[in-house]
Every structure is written in C-alpha cells, then in structure tokens.
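Just below is one structure, and these are the notes that go with it.
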Amino acid sequence: MRCVWHAVARAALTVAFACGAWYDGAAAQDPRSALDAITSAVLQHPLTTSSATARDHFLRGQRELDLFRVIDANAHFKEAVAADPNFAFAYLSVANTANSLDEFKTNLALAEQHAAGASDAERLQIQMVRKGFDNDLADQLALGRQLVEKYPDSPRAWLALAGVQGALNRNEEARTAIAKALELAPRFFAAHTTMGVSYLFGEPRDFAQALQYMQQAEALAPDEAGAHTFLGDAYRAQRNLAKAREEYIRGHQLNPRDAILLVKAGHVNTLLGDYGAARADYDSAIAVGRANEKAAYAPFRAYVSVYAGDPAAAIDELNRLVAAVDGMGVPDPKAAKVGALSNVAIIATHTRNRAAAERSLKQLRPLLLQQADEAGNPAFRRGQEATIAYFEGWWAARQGDYAAAQKQADRISQLLAPDANPRKLEPMHQLEGFIALYQRKYREAEDHFRLGNLLDPYTTYQLAVATQGAGDAAAAKRLFREVADYNFNTVGFALVRKDAQQKAGAGTL
C-alpha cells in the first residue's frame, strides 16, 4: 500500500531519468567530467536556459542522478535554479530528487509556472510528472508516447516512456523502450541499470539478464559506487550473498559518504543470520547518512529483530524512532514517522499484537491526513485516505470483524474510483484477500491476491497460503519458493521468510 509521499508520488517520478539537454561542454572543468560521456552528454533534446552557470549545474546534477547520487544531484539542481530562476526543467529536477513532500510540490509548481518558456520536450515531461502525482497513469503514458514521437532520437525520452510502462507493470513494453534507448546510446549508464532493475523486479524476472546489464554498467564506471550498488543487487537476487557483500563494500570504499552501500551490506548479513554484524552495518549507515537517510535507514535495523523471531522488539525500536525523529534534523520527519508507524502496523497486525496495532493506527491516521493537507492534491488525499482504510480494514479482519473490514474495502474502491490508474485497486483486492483468507475461503482469497501487488513478497506469500488452502500443493510450493528466494529487505518479507523457506523446502542460506 502506498502510504508515504515518496511512494505515492512514485508514478510522478518515473521520468526522473528523462531530463536532458543540448550539451555545450560547460562542465569540462569539473573533476568528475570524465563521466559525462556516459551520463549528461547522452541527450538529443533541448534544455532551455540562458545561463551558462545554470546549464553547468544542471548537467552536473543530471550526471550525479544517473550515477545514483541523488542527494548530490538535488544540490546541483538547486544551484541551477538559483542561477536561472526561470529554468523550468531544473525546477522539475529539484522536484524529482526532492527531500520532502513540500519540496516536491513546490518545485513541481514552479516548473509548471515557468513551462511556457521551455521546449516541448521539457513541457511534456513536466506534464508527465504532474499526471503521475495526480495518479493519472493513463494520461501520463499518453504523454510519454508523445514525447518519443516528437523526439525519437532521444535516449532519455525512451527512458521516460519506459518508466511509465514499468509503473503499469507493462514490463515487456518497458524493456523494448529501454532497448531503444540503448540502441541510440549503447554507453548510456542509466539505461543499462534501468534495464537491470526491470529484470530484477519486473515480471517476467530474469536474474541472469539483470546481472549482465549491471556488469555492463559497472564496466562503464568501475570506480563509481553506484555501479557496485546495482551489481551487488544482481548478485543478491541470485542468492550469491558473499559476492553481493563484496560489491557493496567495494562501493562504500569508493564513496565513503554513500550510506546506502552500508545498508545493503546490512541486508546481506541479515539474510545470512549474522544479526550482530547487520546491526553494526545499519548503525554505520545511520551515522554517515545525509538528508533523510538517518531516519529512512533506521527501520532496517528494527527488521533484524523480526528476522530473529522477536517482532515485539522491532515494534519497540520503531516506536523509539518515531519519538526521536523530530530531533534528528532530517528534512521530512513526518514521512519518517509515517514509514515507521506503517511498519509497526504491519508487524502488529501480522502478529495480532492488539495494543501495538491500535496505538500505531491512532498515530498514523492524523499524520497521513496532515500529509494530504500539505500536498493540496485531491488524488494524493484519496490515496492517503485509502491507506487509512486499508490498515484499519486489515486490522478489523485480523480480529474477525469481517463486516467492518468489508466496509473499508468498499471505501477504498470508492475513494480510488476517479483515478486513471489500472493498478489502483490492488490494495482493495489485498484487503478482500485477507477477509476471505481469514475465513478460510481459499479460492476467493486466491482470486483477490492475484489482483494485488505481487511485486510485494508479503502479498505473494498470502497468495501461496490461499493456494495451499485451496488444495493446489504444487503451485503453493512454487509460490513459497519464490518468496523464500526473494532476498530483498522489506518488513513483510521479514515476517514471512522463515515460514516460506520451510514450506518451500528451501532451508536457510
């Protein structure tokens, strides 16, 4: 369920890699300019600014964004708009790398305000982000198609289209678009990593293909930390945890300021059952984290207790994080609280911890509505209210109050009816799935979970339980194995991994 602004706006951010310009060599004095050839110099559509300084900072920001240095990219994009306050596309890029909901909303509005002076390519991408924020993926897709029709030789236009297609789970279409970007620019780093990510997480998955694309990216930028982040992820998907950790540590050595690599090392140690080492990795990541990272990475430390079989300890740790966030100096403390409380709600509901569940929901509701007020966007508000209905309905179903749960499922359907997003009812189907599953209506549960978000291993696990209950042991075992082998860290996966391994006969790594 999309319950924090970063996730709700995900569709809006699918064009983050689509930023582009005519390159004039302004950044040649930059010590990192050797990487421009595989990043910011891969363009073929115009950039509208009269300021050489603004252009320089924009291109530096684009390079850092391509290389997965999002915080550094955001700083350059802000320098670009400071140098040229009319630079619409740079405002869009600030929004796409925003550190808070307010920063996203404000800079998207500024991009729209100055869009009249921008090129068609820039205006189309500004409109795409607005449509994503409005949860109108149908129009967002139409705009993406217009973009590639007008700029068929722009690799970034094809990546923008692929981003929307991927958000719609049209993964074969997305891969075709990414392949077109690579045909136009074979050394385009972000196109290689985007294709790799598609094969890692999009169905049908192909981990061998993912590894191949990540290796090609690493060959283009072997001394860039982000390349090792992606390569480590590909090895982790293949269950080669030792090699994954090696890549993460190598990446951190290349860029000691990059906290995400320490987090990912912690994930490996968590999966290996070395919980002390995992907590140490997470502590190190939190210590060096910038912007929102300190608060964003702290929940992973709490997940360790879930893996270790002590979910109550995880709930206590997450609640301590909620209490401490305001003193951590992060740009968006409200989003951090929402994330932590959502984790508490999931753990507590799964484990039937009534006190923790009810307390988390009581705290979560006003925060979600405050975010809705801040966003000032009807679609965003509907999403927030649907999130509340989802959590409250799930908890009602867990207690056996199926009538109350059904009311919340119906409310989700009503709230999201205006949204032009084919995936909008996934949370409603998941809630309907829980209602049926807890009543042992396995076939009905199966039907609903199949229409949920199967990118989430927790949903896939519930589908496996329903399939097993319906009597299809072989299909259930395949699903349990899929979950057991997932190897990417979410709170839902932490809750079900051990049981999935046992039911799949997979054992532990």
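The values are calculated or read from the model by the stated rules, or taken from the named source; none is laboratory data. Not measured: the values here are computed from a predicted model. Virtual Cβ from ideal backbone geometry, glycine too; neighbours counted across all protein chains shown. SASA here: full protein model, heavy atoms, side chains in, ligands and nucleic acids out. Shrake-Rupley method; radii C 1.70, N 1.55, O 1.52, S 1.80 Å.
Some points to look at:
- Of the residues making up the range 234-259, those that are in a helix (DSSP H, G or I) and touching a residue at least 60 places away in the same chain (Cβ under 8 Å) are Arg236, Ala237, Leu241.
- Tally of residues being in contact with a Phe, Trp or Tyr (Cβ under 7 Å, 6 or more places away or on another chain) and within 17 Å of Asp233 (Cβ to Cβ) across the range 179-198: 6
- Within the range 101-118, the set of residues being closer than 20 Å to Ala336 by Cα and of a type outside the set (Phe, Trp, Tyr) comprises Leu101, Asp102, Glu103, Lys105, Thr106.
- Residues of the range 464-484 that are in contact (Cβ under 8 Å) with a residue 24 or more places away in the chain and either open to solvent by less than 40 Å² (accessible area, probe 1.4 Å) or aromatic (Phe, Trp, Tyr) (or both): Ala464, Val465, Ala466, Thr467, Gly469, Ala470, Ala476, Phe480, Val483.
- Here the range 262-321 is the region considered, the condition is being β-branched (Val, Ile, Thr) and either open to solvent by less than 10 Å² (accessible area, probe 1.4 Å) or within 23 Å of Val483 (Cβ to Cβ) (or both), and the residue that is nearest to the chain's Cα centre (by Cα) is Val263.
- Of all the residues in the range 131-156, those that are touching a residue at least 12 places away in the same chain (Cβ under 8 Å), in a helix (DSSP H, G or I) and closer than 27 Å to Phe380 by Cβ number 14.
- Test result for His57, crowded, with 20+ Cβ neighbours inside 10 Å, touching a helix residue (DSSP H, G or I) at 6+ places or on another chain (Cβ under 6 Å) and at pLDDT 95 or above: yes
- Here Ala111, Ala90 are screened, and the one residue that is more than 19 Å from the chain's Cα centre (by Cα), assigned to a helix (DSSP H, G or I), buried (at least 24 other Cβ atoms within 10 Å of the Cβ) and free of Cβ contacts under 8 Å to residues at least 40 places away in the same chain is Ala111.
- Residue in the range 431-449 that is under 21 Å from the mean Cα position of the chain (by Cα) and open to solvent by 20 Å² or more (accessible area, probe 1.4 Å) present: no
- Any hit, the range 415-422, residues being assigned to a helix (DSSP H, G or I), at pLDDT 95 or above, among the charged types (D, E, K, R) and out of contact with any strand residue (DSSP E or B) (no Cβ under 9 Å at 6 or more places or on another chain): no
- Within the range 466-483, at least one residue is under 30 Å from Gln140 (Cβ atoms), part of a helix (DSSP H, G or I) and not β-branched (Val, Ile, Thr).
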